[in-house]
Amino acid sequence: MLTLTRTPSWILSALSGLFLILIFPQFNLEFLAWFALIPLFFAIQNQTLGTVAGRGFFAGMIFYFFGLNWVTNTLVNYGNISKGLSFLILGLLAAYLSFYVALSCVLTVKWSQGKPVYFFLLAPLVWTSLEYLRSTHATFGFSWLGLGYSQFQTLTIIQPAEITGVYGISALIVLGNAALHFSLNAWVSRLESPDEWKMSKGVIGVTALVMGLWLGWGGWALGRTQSQIDSSAKIRVGLAQGNIEQHLKWNRLYRQATMEFYKELTLQAAQEKPELIVWPEAAVPFYYSLDPLGTKYVQDIARASGVPLLFGSPYKENVNGTLLDFNRAFLISPQGDTIDVYDKMHLVPFGEFVPFRKALFFIEKLVEIIGDFGLGQRATVFDLNGSRLGVSICYEIIFPDLVRLPVKNGAEYLVNITNDAWFGKSAASYQHISMASLRAVENRTPIVRAANTGISGIIDATGEIRNTTELFTREFVVSEIAPNKGPRTFYSQYGDVFSYLCLILTIAISLLAYRGLPRD
């Protein structure tokens, strides 16, 4: 380990960036998360704040530039942007996200005042606070590749998210990294600093206690939830994955073929007697309820199947004198009547609106519908056959505080409709559905996910992903889910209390460090 402390700091930073890439889909080497930040922590110790910022930024750039490299595919293939410009935009996105890594490093080093024990305490709090802040911005929030999502396959680890949200898992990961960093440092300097070596035992003890309590709660909650699923009254749901290529979705010559695909999939799924069939986001290539022929065709499918349909469609409405498009989900009865609708509440920058339009006049929206989109105003809870469901559209599923709203208002299961054709055959679709697993745990509600090109499937209230489709296949899925008829989780009711607590503790501990309190 002495060799590690003598390794050039930029190499250590790059190593952390590489480890962070590997913990997410499609690599899924999630065990590396518990060691990924240790090289970075060594890289920034005993450095000037300028060097600390640079090393944190460098690690972040490697992580985000390669972890989000699917962005270039979207921009080039669907945004009509040159390859060179697409890499520039990816670089700007990576730089923005890396700023938070750099800031986390700077604040942790500055506020710990050179005291290792305060570094250990502050590292998880500062990281989690900043991850929360960058994820929840009303317009530009982006929680993609948040640390906690890396553990989506380790069900015991993610269960306490019903209290802390995904940010609790991020904090636990950084806590483990900080504890190991502290202990390795203490071991290297044990002869020169025997007090620090003794203190490392306390740090490991505290971390082991936290980990033990976390795993104990996670194991108990997992068993409890699984038994509730097994004993619950279940309903059958169907998913139709049309696999319509993005460049054909709005081609009028392909419109009839698109609807025939969905008709065929729906009628096949209906033979297995589901209580609901779900199509993806913007599945119908016209304005439902505004296009008479298209609307009648969908209604006829519902009548022929005898099953309620939930599907995505663009919609146009005059709002205060301005004609706006809406990304809408319709739920219609087997008779073709509209039961209720949900309008997307969190729009995609550059996808559904162009921010700073005057300055970025050269950038067009990626979607092919003319005009900016309007914002939905309510988290609709749909009533259907004695059960209640909430809907999220596309990347809304990555926002914990948004997804919990219909559950707080009584939704017993969730439906996510999306069009992941934008991502191509990249890691993005796998990253996308992995984040949905945390929403299921946070709210203890199953999630039914229908994607145009994949990945469609079911996510149980434990976060387990099952009955998934392959990417770019045309198929249907029918499976059972167990709606949550019980009480709401702490997270569903109260939201990000844990993250607020991290913010408060960050300030409190930094003040203690500044006051120069004894290390013990």
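For the condition touching a residue at least 24 places away in the same chain (Cβ under 8 Å) and closer than 14 Å to SER437 by Cα, GLY148 qualifies.
From the list ALA186, ALA178, the one residue that fits, being assigned to a helix (DSSP H, G or I) and touching an Asp or Glu at 6+ places or on another chain (Cβ under 9 Å), is ALA186.
It is to be established whether one or more residues within the stretch 268-283 are in contact with a Phe, Trp or Tyr (Cβ under 6 Å, 6 or more places away or on another chain), in the same structural domain as ALA379 (by TED's automatic domain parsing) and assigned to a loop (DSSP other than H, G, I, E, B). The answer is yes, given that some residue of the stretch 268-283 is in contact with a Phe, Trp or Tyr (Cβ under 6 Å, 6 or more places away or on another chain), in the same structural domain as ALA379 (by TED's automatic domain parsing) and assigned to a loop (DSSP other than H, G, I, E, B). Among the criteria (1) in a loop (DSSP other than H, G, I, E, B); (2) modelled with pLDDT under 95; (3) within 23 Å of PRO285 (Cβ to Cβ), the one PRO355 does not fulfil is (3).
Is it the case that ILE81 is of a type in the set (A, V, I, L, M), outside any helix (DSSP H, G or I) and surrounded by 17 or more Cβ atoms within 10 Å (Cβ to Cβ)? Judged against the criteria, ILE81 is a match. Limited to the stretch 375-400, what total is found for residues that are assigned to a strand (DSSP E or B), of a type in the set (Ser, Thr, Tyr) and within 17 Å of the chain's Cα centre (by Cα)? Within the stretch 375-400, residues that are assigned to a strand (DSSP E or B), of a type in the set (Ser, Thr, Tyr) and within 17 Å of the chain's Cα centre (by Cα) number 1. Quick check, is ALA257 out of contact with any helix residue (DSSP H, G or I) (no Cβ under 8 Å at 6 or more places or on another chain), more than 20 Å from SER387 (Cβ to Cβ) and among the small types (Gly, Ala, Ser)? When the stated conditions are applied, ALA257 passes them.
Of all positions in the stretch 213-228, at least one carries a residue that is under 18 Å from THR154 (Cα atoms), aromatic (Phe, Trp, Tyr) and surrounded by fewer than 19 Cβ atoms within 10 Å (Cβ to Cβ).
Got a sec? Which of LEU213, LEU172 is of a type in the set (A, V, I, L, M), over 20 Å from LEU37 (Cα atoms), part of a helix (DSSP H, G or I) and modelled with pLDDT of 95 or more?
Criteria check complete, one pass: LEU213.
In the set ILE81, ILE44, only one residue is within 14 Å of ALA178 (Cβ to Cβ) and either of a type in the set (A, V, I, L, M) or in contact with a strand residue (DSSP E or B) (Cβ under 9 Å, 6 or more places away or on another chain) (or both); that residue is ILE44. Filtering GLN256, GLN299 for residues that are over 29 Å from the mean Cα position of the chain (by Cα), exposed (fewer than 13 other Cβ atoms within 10 Å of the Cβ) and not in a loop (DSSP other than H, G, I, E, B) leaves a single hit, GLN256.
Looking at ASN251, ASN243, just one residue is out of contact with any Gly (no Cβ under 6 Å at 6 or more places or on another chain) and either on the phi > 0 side of the Ramachandran plot or in contact (Cβ under 8 Å) with a residue 60 or more places away in the chain (or both), and that residue is ASN243.
The values are calculated or read from the model by the stated rules, or taken from the named source; none is laboratory data. These numbers were taken from a predicted model, which means no experiment stands behind them. Backbone-built Cβ (ideal geometry, glycine too); neighbour counts: all protein chains shown.
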